[in-house]
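Participant: To start, I am sharing the structure in question, which I have written as structure tokens.
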Amino acid sequence: MRLATLVLALLFAVPAAAQDIGPEELVKKVTADVLDSIKSDKQLQSGDRKKALGLAEQKILPYVDFREAAQIATGRAWQGATPEQQTRIANEFRSMLIRIYSNAIDVYRGQTMKVLPLRIPPGATDVTVRNQYIKDGRPPVAVDYSMRKMPEGWKIYDITIEGVSLVLTYRSEFANITRDSGVEGLIRRLAEKNA
């Protein structure tokens, strides 16, 4: 899960103007920027958690649809939740992922990324950008970003690493919690993890 957490962090380091570019270009640009930030910042390299959290907050949030990710992870229980509960779930899920991302920043030192060619059909609003993270002496790690076109630009709603979806990984855990404790139990559990 550590790889998953920083993979997202690597994506999101471009200014708002980048929202007008396509998903493949966005992934390339933000990844290069974040990798450069990690490479040039001694505090990030030494594992400064506060700095890593700040980097994750600053560079991830504009490009992730946490509500969609939380909805997918929550599954059927999402429909039974009130709008207020849905907002609370999305906020807690966001906090949990940001914390996970910030803990994994050191994983990406010395890595490069190769974005594989993407063919987007005209008018497409949902795409998967396929990538490989490469580190000398190790096989490439396949990372796919599921992205959706939103009014404010392309946003990520899931990451799949070596065939394992980050968001769907939580679905069975969340289903068990909501089955045993309901939606409020899920919100409490997420809040406990974030405390």
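The values are calculated or read from the model by the stated rules, or taken from the named source; none is laboratory data. This one's a predicted model, so the numbers in the text were calculated from it and none came from an experiment. Backbone-built Cβ (ideal geometry, glycine too); neighbour counts: all protein chains shown.
Participant: Could you list all residues from the range 146-172 that are of a type in the set (Ser, Thr, Tyr), in contact with an Asp or Glu (Cβ under 8 Å, 6 or more places away or on another chain) and touching a residue at least 40 places away in the same chain (Cβ under 8 Å)? Working first, answer last.
Facilitator: Within the range 146-172, the subset of a type in the set (Ser, Thr, Tyr) is 146, 157, 160, 165, 169-170, 172.
Restricting the remaining residues to those that are in contact with an Asp or Glu (Cβ under 8 Å, 6 or more places away or on another chain) gives 146, 157, 160, 165.
Within the range 146-172, Tyr157 is the sole residue that qualifies.
Participant: Hey, another quick one. Which residue is farthest from Ala73 (Cα to Cα), if the candidates are limited to the range 145-175 and must be modelled with pLDDT under 90 and acidic (Asp, Glu)?
Facilitator: So the residue we want is Glu152.
Participant: Only one of (1) farther than 17 Å from Lys149 by Cβ; (2) at pLDDT below 95; (3) in contact with a helix residue (DSSP H, G or I) (Cβ under 7 Å, 6 or more places away or on another chain); (4) of a type outside the set (Ser, Thr, Tyr) is not met by Asp48, so which one is it?
Facilitator: (3)
Participant: While we're on this one: For the structure I just gave you, tell me whether Gly80 is modelled with pLDDT of 90 or more, over 18 Å from Lys155 (Cα atoms) and not β-branched (Val, Ile, Thr). Break it down into steps so the answer makes sense when it comes.
Facilitator: On the way: modelled with pLDDT of 90 or more: yes; over 18 Å from Lys155 (Cα atoms): yes; not β-branched (Val, Ile, Thr): yes.
Against the criterion (modelled with pLDDT of 90 or more, over 18 Å from Lys155 (Cα atoms) and not β-branched (Val, Ile, Thr)), Gly80 qualifies.
Participant: Can you name the residue in the range 44-94 that is of a type in the set (Phe, Trp, Tyr) and in contact (Cβ under 8 Å) with a residue 60 or more places away in the chain and, of all such residues, is surrounded by the fewest Cβ atoms within 10 Å (Cβ to Cβ)? Spell out how you get there, then give the answer.
Facilitator: Our first condition is that a residue be of a type in the set (Phe, Trp, Tyr); within the range 44-94, this holds for 63, 66, 78, 93.
Narrowing the set further to residues that are in contact (Cβ under 8 Å) with a residue 60 or more places away in the chain leaves 63, 93.
Numbers: Tyr63: 23, Phe93: 25.
Of everything passing the filter in the range 44-94, Tyr63 is surrounded by the fewest Cβ atoms within 10 Å (Cβ to Cβ).
Participant: Another question about this same structure. In the range 48-93, what count of residues is obtained for those that are touching a strand residue (DSSP E or B) at 6+ places or on another chain (Cβ under 7 Å) and among the aliphatic types (A, V, I, L, M)? Outline the logic, then answer.
Facilitator: First, pick out the residues of the range 48-93 that are touching a strand residue (DSSP E or B) at 6+ places or on another chain (Cβ under 7 Å): 63-65, 68-69, 72.
Still in the list and also among the aliphatic types (A, V, I, L, M): 64, 69, 72.
Matching residues across the range 48-93 total 3.
Participant: Report yes if some residue within the range 61-73 is modelled with pLDDT under 80, in contact with a helix residue (DSSP H, G or I) (Cβ under 9 Å, 6 or more places away or on another chain), closer than 30 Å to Ala175 by Cα and β-branched (Val, Ile, Thr); otherwise report no.
Facilitator: So far as the range 61-73 goes, no, none of its residues is modelled with pLDDT under 80, in contact with a helix residue (DSSP H, G or I) (Cβ under 9 Å, 6 or more places away or on another chain), closer than 30 Å to Ala175 by Cα and β-branched (Val, Ile, Thr).
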